[in-house]
Amino acid sequence: MPILTHHPLHNILMGSKHLLKYAPGTITLSSSRLHLFHTYLQLFSTNPQKPISKLPQFSLKKSGFGSYAPVMLTRTVQLPRTVEENRAPERLASLKTKLEQEGIRCGACKPGQYSHMLCPKCEGGDSMERSFSLFIREDGELAMWSCFRAKCGWRGHMRASIDLKGYSGGKQNSTVNSYRVLTEENLELRPLCGELIAYFAERMISGETLRRNAVMQQRYRDQIVIAFTYRRNGNLISCKYRDINKKFWQEKDTEKILYGLDDIKQAGDVIIVEGEIDKLSMEEAGYRNCVSVPDGAPPKVSNKELPAMEEDTKYQYLWNCKEYLDKASRIILATDADPPGQALAEELARRLGRERCWRVKWPKKPDNDVCKDANEVLMYLGPDALKEVIENAELYPIRGLFQFSDYFDEIDAYYNCSMGYEHGVSTGWKAVDRLYKVVPGELTIVTGVPNSGKSEWIDALLCNINESEGWKFALCSMENKVREHARKLLEKHIRKPFFNASYAGSVERMSAEDLEHGKEWLNNTFHLVRCEDDCLPSIKWVLDLAKAAVLRHGVRGLVIDPYNELDHQRPSHQTETEYVSQMLTKIKRFAQHHSCHVFFVAHPRQLQHWVGGPPNLYDISGSAHFINKCDNGIVIHRNRDADAGPLDQVQICVRKVRNKVIGNIGDALLSYSRITGEFMDIDDPAVKK
């Protein structure tokens, strides 16, 4: 075994033709590439004061280097320190910042040592295994990492590579990753064999398309696999492989770009598909301006905010090809029809800009199943059908931006009166129906002076709608005790008094059997929203519980009675008018989104000069927005003057109806029964008895 002494390390390495491994006191030599010489030269030269036994140990065996002959170094080579070595702390700070941006937390990691932690990608799986190994070189120039979980295997490296000219410790120049240089020769790629050409022919892909896109093959272990070559300006950038079991893998340490990138160099329209075979299929239909993503589709759309470009690692291929995509005025997203494919389309649209994106609608196969992707359309329906898919691509939807055509089905159903309750449901009183009906998704404000019967009338209205339509309701009635509210509702439903009382006269009280049936009806029809604490409920609290009632119990109506029993705390800079406006907007959005009619009781402010007539909607305490923002505004007024008419007469004053299809402004008269709490039309025979 030869002994190398008194030689500068530079001469030892550069004079050697073989290098594989060094261990404490030894350097093992074998066949390698020239760039490895420079890597190890830099490693030793940036640590000139340390003996070799103290330097970190590296192994290249996993990189495929086999036989070696040991060469012994018997003394530490001393080299003069350079200016670059004195700047190692700056490099280390830069490298750690970049690692943090990659999601690798390395604050406690010591250079020159291996650190083990949870993998940022797989988070150690279910067992929370600390399978992630990170090594930072002592000079701060290089970091290498690998996750040893079989289901993850994330590995990579990163350099600091900052320009230290004029470095002040503040700004750090961005770095450029170093990628492998690939050639067809060093990957041992070969033209496709007849068997693989026949395989593509079965998928309607011609030999000419395969040759133009440089689809090749490679021997991998004991099989021949397909090699899709990723090129830019004709140069081989990466390579993706597929075996007969549809298993994919890619060359490591290569730049991620779109497949077929050179075909969209000057394209105004660009088609993006999910797989390489789909790109080839588009070419068979006459579209060369097509590219494929390299990494397939995500399982679902991310609910996180869009990351910065340098942190968007999963979709880095888009940013690497940004100069190509920026030239496109229209991008057609032809991803797969399954949920991951649609999630990919959404993620691409988020980054490319929805305003210039279009999407395809995949046709059905002869068996009536929807085609999954471009290749299935080509195979089952032919190139003309695939061309038609692209020609009929539609604008990618932008949330909040629509056309009337998006609602044509709804408009037709409205015209044909086939939308259920869109024309409103009957109130149960003929006189009121001529002026007002109850429509899902609307907001009705009800007001009136105290003791005019606002709450009683709403309760009677709910009973009528339940009897005719079967609707269920959520009740947020803060002024009523539960037992009192139950009594009022039961009297209206059963049409008998709850108690034997003087006001009931000779009318028989509801029986125990009536009560049991009534309790079952109460339980099936109404859901209570009540705050049992001392504090007042907020409108958000009420709407959150009402939403749960809608989704869980199928509630169609919500009563909030009254406004002044809610918690109305607001920021000091916000006026009451602004607060009321925002509150009513929230209520209307809830009503519209859940197709739930909201009845909101609001008291009028104190009427200093009231002369006995019904108040105006603008008299509601708080803000004119109550009348401005509601869909319907109703004033309930009970006659208190025997000279003006019967004392059991109640005036229903409809003062606002936004939708003229369901009603108009006017007054209706009802008769009120003090015994049962019922409201009846004046011309109802029961009133005349």
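The values are calculated or read from the model by the stated rules, or taken from the named source; none is laboratory data. These numbers come from a predicted model, not from an experiment. Don't worry about glycine lacking a Cβ; one is built from the backbone with ideal geometry, like all the others, and counts go over all protein chains shown.
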Number of the condition not met by ASN303 [criteria: (1) surrounded by 18 or more Cβ atoms within 10 Å (Cβ to Cβ); (2) out of contact with any strand residue (DSSP E or B) (no Cβ under 7 Å at 6 or more places or on another chain); (3) farther than 25 Å from MET379 by Cα]: (1)
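Return the only residue of LEU443, LEU462 being under 14 Å from THR525 (Cβ atoms) and among the aliphatic types (A, V, I, L, M). Before the answer, list the steps.
Values: LEU443 fails: under 14 Å from THR525 (Cβ atoms).
Residue meeting the stated conditions: LEU462.
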- request: Could you grab the pairs with beta carbons closer than 6 Å, sequence gap of 6+ or different chains, first residue in segment 576-603 and of a type in the set (Phe, Trp, Tyr), second one assigned to a helix (DSSP H, G or I) and surrounded by 15 or more Cβ atoms within 10 Å (Cβ to Cβ)?
  value: PHE590/LEU543; PHE599/ILE458
- request: Take ARG605 and decide whether it is among the charged types (D, E, K, R) and in contact with an Asp or Glu (Cβ under 9 Å, 6 or more places away or on another chain).
  value: yes
Cross-chain or 6+ apart pairs with Cβ under 7 Å, segment 663-676 first and surrounded by fewer than 21 Cβ atoms within 10 Å (Cβ to Cβ), then modelled with pLDDT under 95 and hydroxyl-bearing (Ser, Thr, Tyr): ARG674/TYR503; ILE675/TYR503
- request: Determine which single condition ARG350 fails, assuming it passes every other condition in (1) in contact with a Lys or Arg (Cβ under 6 Å, 6 or more places away or on another chain); (2) surrounded by fewer than 16 Cβ atoms within 10 Å (Cβ to Cβ).
  value: (1)
Filter result (within 27 Å of the chain's Cα centre (by Cα), of a type in the set (A, V, I, L, M) and farther than 27 Å from VAL449 by Cβ) within segment 535-568: LEU543, LEU545, ALA546, ALA548, ALA549, VAL550, LEU551
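May I ask you to verify whether VAL550 is touching a Ser or Thr at 6+ places or on another chain (Cβ under 9 Å), of a type in the set (A, V, I, L, M, F, W, C) and not in a helix (DSSP H, G or I)? Steps first, answer last, please.
Working: touching a Ser or Thr at 6+ places or on another chain (Cβ under 9 Å): yes; of a type in the set (A, V, I, L, M, F, W, C): yes; not in a helix (DSSP H, G or I): no.
The answer is no for VAL550.
Taking GLU467, is it modelled with pLDDT of 95 or more and either surrounded by fewer than 17 Cβ atoms within 10 Å (Cβ to Cβ) or more than 16 Å from GLY428 (Cα to Cα) (or both)?
Values: modelled with pLDDT of 95 or more: yes; either surrounded by fewer than 17 Cβ atoms within 10 Å (Cβ to Cβ) or more than 16 Å from GLY428 (Cα to Cα) (or both): yes.
Yes.
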statement: Of those in segment 270-311 that are at pLDDT 95 or above and hydroxyl-bearing (Ser, Thr, Tyr), the residue nearest to the chain's Cα centre (by Cα) is SER292
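Scan segment 499-542 for residues that are aromatic (Phe, Trp, Tyr) and more than 22 Å from HIS568 (Cβ to Cβ) and jot them down. So that I can check it myself, show each step before the final result.
Restricting attention to segment 499-542, the residues satisfying the condition of being aromatic (Phe, Trp, Tyr) are 499, 503, 521, 526, 541.
Passing the criteria: PHE499, TYR503, TRP521, PHE526.
Look through segment 181-209, keep the residues that are among the β-branched types (Val, Ile, Thr) and closer than 15 Å to LYS279 by Cβ, and return whichever of them is surrounded by the most Cβ atoms within 10 Å (Cβ to Cβ). Outline the logic, then answer.
From segment 181-209, those among the β-branched types (Val, Ile, Thr) are 181, 183, 197, 205, 209; that's our starting set.
Of the ones still in play, those that are also closer than 15 Å to LYS279 by Cβ are 205, 209.
Details: ILE205: 22, THR209: 18.
Here the residue is ILE205.
Name the single residue, out of those in segment 553-578 being in a helix (DSSP H, G or I) and either among the β-branched types (Val, Ile, Thr) or modelled with pLDDT of 90 or more (or both), that is nearest to SER538 (Cα to Cα). Step through it out loud before you land on a result.
Filtering segment 553-578 for residues in a helix (DSSP H, G or I) gives 553, 563-565, 576-578.
Among the residues that remain, those that are also either among the β-branched types (Val, Ile, Thr) or modelled with pLDDT of 90 or more (or both) are: 553, 577.
Working: HIS553: 22, THR577: 17 Å.
My answer is THR577.
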- prompt: Pick from GLU422, GLU442, GLU491, GLU456: which is without any contact (Cβ under 8 Å) to a residue 40 or more places away in the chain, surrounded by 14 or more Cβ atoms within 10 Å (Cβ to Cβ) and either touching a Phe, Trp or Tyr at 6+ places or on another chain (Cβ under 6 Å) or within 21 Å of ASN632 (Cα to Cα) (or both)?
  reply: GLU422
query: So, of the residues in segment 592-612 that are at pLDDT 80 or above and surrounded by fewer than 18 Cβ atoms within 10 Å (Cβ to Cβ), which turns out to be farthest from ASN451 (Cα to Cα)?
result: HIS593
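Please determine whether any residue of segment 244-262 is touching a Gly at 6+ places or on another chain (Cβ under 6 Å), modelled with pLDDT of 95 or more and not small (Gly, Ala, Ser). Break it down into steps so the answer makes sense when it comes.
The initial filter retains those residues of segment 244-262 that are touching a Gly at 6+ places or on another chain (Cβ under 6 Å), namely none.
No, that holds for no residue.
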- prompt: In segment 241-269, what residues are of a type in the set (Ser, Thr, Tyr) and within 28 Å of the chain's Cα centre (by Cα)?
  reply: TYR259
query: Out of LYS540, LYS519, LYS496, which single residue is modelled with pLDDT of 90 or more and within 24 Å of CYS630 (Cβ to Cβ)?
result: LYS540
query: In segment 510-544, how many residues are in a helix (DSSP H, G or I), of a type in the set (A, V, I, L, M) and buried (at least 18 other Cβ atoms within 10 Å of the Cβ)?
result: 3
task: Please indicate, with yes or no, whether at least one residue in segment 210-228 is surrounded by 13 or more Cβ atoms within 10 Å (Cβ to Cβ) and within 33 Å of the chain's Cα centre (by Cα).
output: yes
field: Condition broken by GLU410, with the remaining ones in (1) closer than 19 Å to HIS593 by Cβ; (2) touching a residue at least 12 places away in the same chain (Cβ under 8 Å); (3) exposed (fewer than 14 other Cβ atoms within 10 Å of the Cβ) satisfied
entry: (2)
query: Which of the residues belonging to segment 299-323 are acidic (Asp, Glu) and either touching a Cys at 6+ places or on another chain (Cβ under 6 Å) or without any contact (Cβ under 8 Å) to a residue 60 or more places away in the chain (or both)?
result: GLU305, ASP312, GLU323
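So which residues in segment 161-177 are modelled with pLDDT of 50 or more and over 34 Å from the mean Cα position of the chain (by Cα)? Before the answer, list the steps.
Here is the first cut: in segment 161-177, the ones modelled with pLDDT of 50 or more are 161, 177.
Selection gives SER161 alone.
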query: Considering only helices (runs of 4 or more DSSP H) fully contained in segment 215-326, which possess at least 2 residues that are more than 25 Å from ALA198 (Cα to Cα) and not charged (D, E, K, R)?
result: 316-320, 322-325
Residues located in segment 283-298, provided they are touching a residue at least 60 places away in the same chain (Cβ under 8 Å) and not small (Gly, Ala, Ser): GLU283, GLU284, TYR287, PRO294
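Determine, yes or no, whether ILE237 is touching a Phe, Trp or Tyr at 6+ places or on another chain (Cβ under 9 Å) and either surrounded by fewer than 17 Cβ atoms within 10 Å (Cβ to Cβ) or among the hydrophobic types (A, V, I, L, M, F, W, C) (or both).
Numbers: touching a Phe, Trp or Tyr at 6+ places or on another chain (Cβ under 9 Å): yes; either surrounded by fewer than 17 Cβ atoms within 10 Å (Cβ to Cβ) or among the hydrophobic types (A, V, I, L, M, F, W, C) (or both): yes.
Yes: the conditions hold for ILE237.
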Segment 494-507, residues that are out of contact with any Leu (no Cβ under 7 Å at 6 or more places or on another chain) and either part of a loop (DSSP other than H, G, I, E, B) or buried (at least 21 other Cβ atoms within 10 Å of the Cβ) (or both): ARG495, LYS496, PRO497, PHE499, ASN500, ALA501, GLY505, SER506, VAL507
- prompt: Do you know which of the residues in segment 661-676 that are small (Gly, Ala, Ser) and assigned to a strand (DSSP E or B) is farthest from LYS496 (Cα to Cα)?
  reply: GLY666
